[in-house]
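The structure under discussion appears below in the form of C-alpha cells.
Each reported figure results from applying straightforward, stated rules to the coordinates on display, with no laboratory input. No experiment lies behind these values; they were computed from the predicted model shown. Here the Cβ positions follow ideal geometry from the backbone for every residue, glycine too, while neighbour counts run over all protein chains shown.
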Amino acid sequence: MTAPAPIRVLVVDDQELVRSGFCVILDAADGITVVGEAANGEAALSQVAAHEPDVVLMDIRMPGMDGLEATRLITAGAPAARSAGSGPATPPKVVMLTTFDLDDYVYEALRAGASGFLLKDSPRHDLIAAVRAAAAGDALLAPSVTRRLIETFARRPPETSPSPSQLASLTARERDVLLLLARGRSNSEIAEVLFVSEATVKTHVGNLLAKLGLRDRVQAVILAYETGIVMPGSPPD
C-alpha cells in the first residue's frame, strides 16, 4: 500500500531562531516535511509559488508585509504567485503564529482566511497536531479556546454574512452540525452526539460549507456566532 504524501509546510517568522526551531520539530515528525521558510510576507508569497505547501505557519507581526496581508493574498489564491504561473491550484491552509492568544490581530487574521492560530510557546506535540489538523481541514480552535476567542470576535460587526436563503438552505442535520462546530466539537465528537459515522459528519460539514460559501470550519464557527445560530454565553450541550 502506497504511503500518503507528506504534509508540505512553509514556516514564516522574522525571528531566525524561532523559525529554525519550528522547522526542526516539524521535519522530525512523521508525515510532515518543511519545504521552505521565509522571514516576511513578501518572501512567503514567493515561497508559496515556488514550493506549493499544504500548510503555512505564519507569524502575524513582521517587518515589511506582515502576516495579515500575506494571509489575505495567500488564501485568495496568492495573485502574485499565480501571475508567475507557479502557484498551487488550491491555496494552502494558513495557521497564524502569535504570542498572545487574544492578540487583536488574530481576529483580523481569521477574517483574512486563516484556518486558526497557534501560540508560539505551544508544546511541540501541539505544533505537530495543528499542522495535521489544518491539512485535514479540521478544527484548530480547541473547545477551551473557542468560546473565549470566537465570542469576543462575534461582537465585532461582520463584514459579510450569508443571505437568509443560504441559511435556509441548510438541512436540519446540517444546522445541528454547524451548532456543534460552533461549540468546539471535533468530527468524532459530533458523530458521537448525533449517532452517525465520522464520514457522515465530514459530508455534512462539506455540504454546509459549500452552501454558505465558506472556506473552512473556522469560518463556519465565526458565522454561527455572527448570525445568532449560537449566542455568546449560551451553555454547551
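Rg and Dmax of segment 179-220, based on Cα coordinates, read 9.8, 27 Å. As a ratio to 2.2 N^0.38 Å, the alpha-carbon radius of gyration for segment 1-77 is 1.10. For Asp121 and Thr171, the FRET efficiency from 1/(1 + (r/R0)^6), where r spans their Cβ atoms and R0 equals 30 Å, is about 0.10. At 7 Å along the Cα-to-beta-carbon direction for both Arg132 and Asp30, put a label point, then send me their distance in nm to one decimal. Between Arg132 and Asp30, the label points sit 0.8 nm apart.
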